[in-house]
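Inspection log for the structure reproduced underneath, given as structure tokens.
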Amino acid sequence: MGLRKLKIILEMIKFEHSLFALPFAFMGAVLGSIVVENAWPTWSEIFWVTVAMVGARSAAMSLNRVIDRVIDAKNPRTVTRAIPAGLISIVEVILFIVVSFAVLFIAAFQLNDLAVKLLPLAVFVLVLYSYTKRFTWLCHFVLGVAIGFGPLGGWVATTGQVDGIGLLLFASVMFWTAGFDIIYACQDADFDRKEGLYSMPSRFGIANALLIARVCHVLTFVGLMSLYVVADLSIWFLLGVLISGAILIYEHTLVKPTDLSKLDMAFFNMNGILSVVMFTFTMIDLVIA
């Protein structure tokens, strides 16, 4: 595979949007190490967490594009994606998927036994998500579980265990992801309904879907506030949670049932900022403490 084709694949899977998940994975790794081990994670652990996240996201996004290629070819919004546009072959993308999963497997084996044992579950959810829109409107929550495995995986990578605090972080990220994915799906509500695809907006209407997304993000805020309490964190973490809450409120002011013109800003900009804010204030908290 040449560099030109690799560039096409990276553009196809929006590689730069790894920014969404990586800060929370780092947050899980650092927070878990400090809370459980009372020590900072090693640079080796951080490196392999990064490799695992990049491998997992690259594999999942590429697989989604292959599985959804027929649907993408019908949707005016996605018809210009690389596969339906004929810019790259399915074989080339599958090769990239195999390499990405291999990278994920190698990274897991460099961490600890629990990371390896949980790997099949993570891969199952990553593969399952791409099919869920065909049979359930809970597909957004399956994506939430997949993305939530990022911070939980970071936690497991540095602690070798799953505990209540790690699961609280997982749940917070799961609801955050489900909420913004519901918002993103609003733009395809009519298409999904026409094609018999399942999503919150196509099943319950855009107005109700946006309400469900708000509930998800309230649960995200509650989860992060609970994390502040149970992990005995300082005012700095609390400040990060409050700023993140304000970001979520602003995100929801950008999208209305009758006006989705600012959806991309709500989806991409606000959520990218939120994940960086939470990681930054977590680090400030742990360094100062």
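The values are calculated or read from the model by the stated rules, or taken from the named source; none is laboratory data. What you see is a predicted model, and the numbers here were worked out from it, not measured in a lab. FYI the Cβ positions are ideal-geometry reconstructions off the backbone, even for glycines, and counts take in every protein chain you see. Ligands, DNA and RNA are excluded from the accessible area calculation, which covers all protein heavy atoms including side chains. Shrake-Rupley method; radii C 1.70, N 1.55, O 1.52, S 1.80 Å.
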Any residue at all in the range 170-183 that is open to solvent by 10 Å² or more (accessible area, probe 1.4 Å), under 13 Å from residue 24 (Cα atoms) and aliphatic (A, V, I, L, M)? yes
What's the number of the only condition in (1) within 16 Å of residue 50 (Cβ to Cβ); (2) buried (at least 18 other Cβ atoms within 10 Å of the Cβ) that residue 106 fails to meet? (2)
Going through the range 192-235 one residue at a time, which ones are surrounded by 16 or more Cβ atoms within 10 Å (Cβ to Cβ) and not in a helix (DSSP H, G or I)? 197, 198, 199, 231, 233
Which condition number does residue 99 fail, the rest of (1) touching a residue at least 12 places away in the same chain (Cβ under 8 Å); (2) part of a helix (DSSP H, G or I); (3) surrounded by 14 or more Cβ atoms within 10 Å (Cβ to Cβ) being met? (1)
Being modelled with pLDDT under 95 and either open to solvent by less than 10 Å² (accessible area, probe 1.4 Å) or in contact with a helix residue (DSSP H, G or I) (Cβ under 7 Å, 6 or more places away or on another chain) (or both): is that true of residue 22 here? yes
Those residues of the range 241-267 which are assigned to a helix (DSSP H, G or I) and open to solvent by 50 Å² or more (accessible area, probe 1.4 Å) amount to 242, 243, 246, 249, 250, 253, 264, 265
Candidates 44, 58, 62 - the one that is open to solvent by 60 Å² or more (accessible area, probe 1.4 Å), hydroxyl-bearing (Ser, Thr, Tyr), in contact (Cβ under 8 Å) with a residue 12 or more places away in the chain and part of a helix (DSSP H, G or I): 44
Breaking point among (1) open to solvent by 10 Å² or more (accessible area, probe 1.4 Å); (2) in a helix (DSSP H, G or I); (3) farther than 30 Å from residue 32 by Cβ, for residue 189: (1)
Which one of 116, 70, 91 is touching a helix residue (DSSP H, G or I) at 6+ places or on another chain (Cβ under 8 Å), without any contact (Cβ under 8 Å) to a residue 24 or more places away in the chain and open to solvent by 30 Å² or more (accessible area, probe 1.4 Å)? 116
Residue pairs qualifying under the 6 Å Cβ cut-off, at least six apart or on distinct chains, with the first in the range 262-289 being farther than 19 Å from residue 41 by Cα and the second being of a type in the set (Asp, Glu) and crowded, with 16+ Cβ neighbours inside 10 Å, are 266/251; 270/251
Scan the range 94-149 for residues that are closer than 19 Å to residue 67 by Cβ and charged (D, E, K, R) and jot them down. 133, 134
Only one of 78, 136 is free of Cβ contacts under 8 Å to residues at least 12 places away in the same chain, part of a loop (DSSP other than H, G, I, E, B) and open to solvent by less than 40 Å² (accessible area, probe 1.4 Å); which? 78
